[in-house]
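Visitor: Pasting a structure here, questions to come.
Just so it is clear, none of the values below were taken in a lab; they were calculated from the coordinates. Nothing here was measured: the structure is a model prediction, and the numbers come from that model. Here Cβ is always computed from backbone atoms with ideal geometry, including for glycine, and neighbour counts include all displayed protein chains.
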Amino acid sequence: MHNLLMKSSTRLAAQVIPLKNFLMLAGISLPVFAFQPLITDDTGTQGVGGNQLELSFNEDRAKLAGNTDRIRSLPVAYTRGLTDTIDIFAGISYARIHAGTSGDSSSGAGNPAIGGKWRFYENGESKTSFAVKPEILFPVSSDRESGGLGTGKTSGNLTFILTQEVPFGAIHLNAGLGRDRFRDTLINPDLTKTRVSIAPVWDVTEQWKLALDLGTESARAGGTGVRSDFVELGAIYSPNKDLDFAVGFIHSADNDSPRTTTDTATAGITWRFK
């Protein structure tokens, strides 16, 4: 469960709205329901009647030209298995933003989201599987949009997922496309986002997994584009098959000048039940 694409979008809109606002606006409105603590998702589903509850805490520090903005967020997601290969999910994130330069703060809920995941191909012999995950993000109020907490019009994301099991664990690949839509497009032009990422996950023991997540994200609005690259190190501890504790650290930087760099610490719990 994660919300990282905000880094590539931050500088894109700095010309038309405050940095703080766009920093959070792009971040909270993007795909946040992945394989904790990673940004990259896997093709796994809950199975018929399976349930999953995810809760995490994220703290971001975004630095630009000596200024630091701090964001704390609490995403929550619930997933239900409809069939062995189809899940549906719903979630929301609460955030608090503190802008370093002005000292302004805002807080509140981001875009409520619903979506699904369909694992449409699985080969037991090669241990290869493919899935697709669409997501719809519902609008927030104009006050919350201006505070940088979400988008004021219905937005969405679509992610294609590949999982390949390997002797050391698994490798997950994602390719995603998203669209953020705003109330006043003269001030905030609609934003198109793309992301490609890869995450090898090592099964260290029956209870411990270690992961590396690498990716690049691009955002384009009003004829201007920005690219951001990220790297994450993560660890997952599973005392049993129904419970995971996850921690991760993410660093990202965009290609603008001056660059925005963002460091994110995340910790989460995943509980599966029937």
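Visitor: Taking the Cα atoms of segment 6-273, report the difference between the largest and smallest coordinate on each principal axis, in whole Å and largest first.
Guide: The Cα atoms of segment 6-273 stretch 53, 32, 30 Å along their principal axes.
Visitor: May I have the pair-distance distribution P(r) for segment 53-121, computed from all Cα-Cα distances with 10 Å bins from 0 and rounded to whole percent?
Guide: 18, 35, 24, 15, 7, 0
Visitor: Suppose we look only past 20 Å in the calculated P(r) of segment 134-198. What percent of the Cα-Cα pairs does that tail hold?
Guide: Result for the distance tail: 43 percent.
Visitor: Continuing with the same structure: Could you give me the ³J(HN,Hα) list for segment 255-261, computed from phi with Karplus coefficients 6.51, -1.76, 1.60 and θ = phi - 60°, whole Hz, x at Gly and Pro?
Guide: After applying 6.51 cos²θ - 1.76 cosθ + 1.60, I find 9, 7, 9, x, 7, 9, 10 Hz.
Visitor: For segment 123-246, what does the equivalent ellipsoid look like in terms of its semi-axes, each the square root of 5 times an eigenvalue of the Cα gyration tensor, given largest first in whole Å?
Guide: Computed over segment 123-246, the values are 34, 17, 14 Å.
Visitor: Separate question: Apply the Karplus parameterisation 6.51 cos²θ - 1.76 cosθ + 1.60, with θ equal to phi minus 60°, to every residue of segment 234-250 and state each ³J(HN,Hα) to the nearest whole Hz, in sequence, with x for glycine and proline.
Guide: Once rounded to whole Hz, the list reads x, 9, 10, 10, 10, x, 8, 6, 9, 9, 10, 10, 10, 9, x, 10, 10.
Visitor: List the aspartates and glutamates whose alpha-carbon lies under 16 Å from that of K153, not counting same-chain residues fewer than 8 positions away?
Guide: Leaving aside aspartates and glutamates fewer than 8 places away in the same chain, those within reach of K153 are E135, D143, E145, D180, D184, D190.
Visitor: At a Förster distance of 30 Å, what's the computed FRET efficiency of A90 paired with D184, Cβ-Cβ distance as r, to 0.05?
Guide: The pair A90/D184 has a calculated efficiency of 0.60.
Visitor: Can you find, among V140, L173, Q52, the residue farthest towards the positive end of the dipole of the chain? Put +1 on the C-beta of Lys and Arg, -1 on that of Asp and Glu.
Guide: Checked the options; the winner is V140.
Visitor: Compare the Cα positions of F249, T151, A90 along the charge dipole of the chain (+1 at Cβ of Lys, Arg; -1 at Cβ of Asp, Glu; about the Cα centre) and return the one farthest towards the positive end.
Guide: T151
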